[in-house]
2 protein chains.
Amino acid sequence: MRGPPCPPAMKAFQDTYPDELAHCFGCGRLNAEGHHLRSFWDGEETAARFTPKPFHLAVPGFVNGGLLASLIDCHATGTAAAAAGRAAGVEAGNGPLPRFVTASLRVDYLRPTPLGPELDLRGRTASVSDRKVVVNVTVAANGEVTVRGEVVCVRLPESMRPPGGFGVNTR
Amino acid sequence: MRGPPCPPAMKAFQDTYPDELAHCFGCGRLNAEGHHLRSFWDGEETAARFTPKPFHLAVPGFVNGGLLASLIDCHATGTAAAAAGRAAGVEAGNGPLPRFVTASLRVDYLRPTPLGPELDLRGRTASVSDRKVVVNVTVAANGEVTVRGEVVCVRLPESMRPPGGFGVNTR
């Protein structure tokens with residue numbers, strides 16, 4: 001197991017979204033009821049850690065597959081933002097990252113994911129362009145990969161942008 | 001739009017699971033924090049209705065993709081249980097349905113799903129065997145399909161069964 005990729009002072013990709021785009025149920029810092037997933041670079045990979053709550057179960061002892069899909073989804077769109085930003089010379093922390101949403105999601109549940117241990121999500125980009133990023137994600141528990149995902153992310157379409165445009169990040 | 005498929009007195013597929021298997025975050029009747037999705041036959045299709053909460057958003061005005069994946073997942077495993085049960089002569093309400101879990105999930109987000117209206121989920125089986133059921137699911141809002149899913153469901157493996165075996169349904 002590698003060490004924690006996310007010291008508290010480091011800025012997560014999701015921390016760079018403007019306030020209007022920071023309410024996502026999976027990763028929005030401004031969603032009081034959400035999962036608050038936070039993703040970071042770890043070398044060429046991206047990483048996020050998440051400890052499911054006791055009620056995030058499928059059957060007793062195992063993590064819910066819908067939650068796992070949700071974590072993969074948000075880690076992938078965050079990875080897409082960071083990778084497209086990096087390709088354009090912008091790093092999380094020194095400028096606004098572009099916002100991506102999911103066009104398609106595929107998740108393979110290789111084995112049951114035990115409920116209890118912290119989960120280790122890892123992302124790698126398969127392709128990066130300004131408009132579309134494909135991200136492969138793994139989820140591991142106790143050092144063993146239990147789930148794999150492939151996510152096609154696309155730039156936030158005009159139809160989903162806030163009518164008033166983007167504002168500032170007040171974080 | 002067809003009429004509501006789920007009069008209150010009707011038993012949902014998920015209502016037939018034994019208590020030990022009724023804690024799923026997406027559809028377990030005994031999970032106080034969960035989404036409580038309930039699925040029913042509607043002719044040859046299966047149907048479920050769900051109204052996302054205000055905090056179930058992706059960006060303002062649109063439903064979170066992870067939640068949509070989770071709803072599709074639970075509607076599909078419920079459909080698999082009902083279809084495998086029906087193939088063996090068991091209907092929800094007159095006997096225990098077999099319990100299925102997800103082997104793989106594919107979700108295509110065709111267009112943004114507006115947050116506010118009740119969502120209409122529909123399931124159709126592409127193949128049914130005792131061990132494996134493939135289910136195609138659509139999600140519609142305001143009569144328009146916004147998301148499509150394909151879910152490969154498999155019988156609950158031994159490794160996920162409660163150590164004491166299944167008990168009764170106390171509902």
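The values are calculated or read from the model by the stated rules, or taken from the named source; none is laboratory data. It should be emphasised that the depicted structure is a prediction, and the values quoted were computed from it without experimental measurement. A quick note on method: Cβ atoms are made from the backbone with ideal geometry, for glycine too, and the neighbour counts reach across all protein chains shown. To get the accessible areas, we keep the full protein, side chains included, count just its heavy atoms, and leave off ligands, DNA and RNA. Shrake-Rupley method; radii C 1.70, N 1.55, O 1.52, S 1.80 Å.
Okay, here's what the table says:
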item: Among residues of the range A:104-114, those that are open to solvent by less than 50 Å² (accessible area, probe 1.4 Å) and in contact with a Leu (Cβ under 9 Å, 6 or more places away or on another chain), counted; result: 5
item: In the range A:38-66, residue surrounded by the most Cβ atoms within 10 Å (Cβ to Cβ) [restricted to those that are within 25 Å of B:Cys24 (Cα to Cα) and in contact with a Ser or Thr (Cβ under 7 Å, 6 or more places away or on another chain)]; result: A:Gly66
item: Qualifying residue in the range A:156-171 (condition: open to solvent by less than 20 Å² (accessible area, probe 1.4 Å), touching a Ser or Thr at 6+ places or on another chain (Cβ under 9 Å) and either in a loop (DSSP other than H, G, I, E, B) or more than 10 Å from chain B (Cβ to nearest Cβ) (or both)); result: no
item: Test: residue in the range B:10-23 that is facing another protein chain (nearest Cβ under 7 Å), surrounded by fewer than 24 Cβ atoms within 10 Å (Cβ to Cβ) and part of a loop (DSSP other than H, G, I, E, B); result: yes
item: Count - residues of the range B:38-64 that are out of contact with any His (no Cβ under 6 Å at 6 or more places or on another chain), outside any loop (DSSP other than H, G, I, E, B) and either away from chain A (no Cβ under 14 Å) or of a type in the set (Ser, Thr, Tyr) (or both); result: 7
item: Complete set of residues in the range B:66-117 that are assigned to a loop (DSSP other than H, G, I, E, B), among the aliphatic types (A, V, I, L, M) and within 12 Å of another protein chain (Cβ to nearest Cβ); result: B:Leu110, B:Leu115
item: Per-region count, the range B:67-98, residues under 11 Å from B:Val133 (Cα atoms) and buried (at least 24 other Cβ atoms within 10 Å of the Cβ); result: 8
item: When residues of the range B:118-134 are limited to those that are outside any strand (DSSP E or B) and acidic (Asp, Glu), the one nearest to the other protein chains (Cβ to nearest Cβ); result: B:Glu118
item: From A:Asn136, A:Asn142, residue being at pLDDT 95 or above, at positive phi and open to solvent by 10 Å² or more (accessible area, probe 1.4 Å); result: A:Asn142
item: Any chance B:Gly34 is farther than 15 Å from B:Ala140 by Cβ, in a loop (DSSP other than H, G, I, E, B) and at pLDDT 90 or above; result: yes
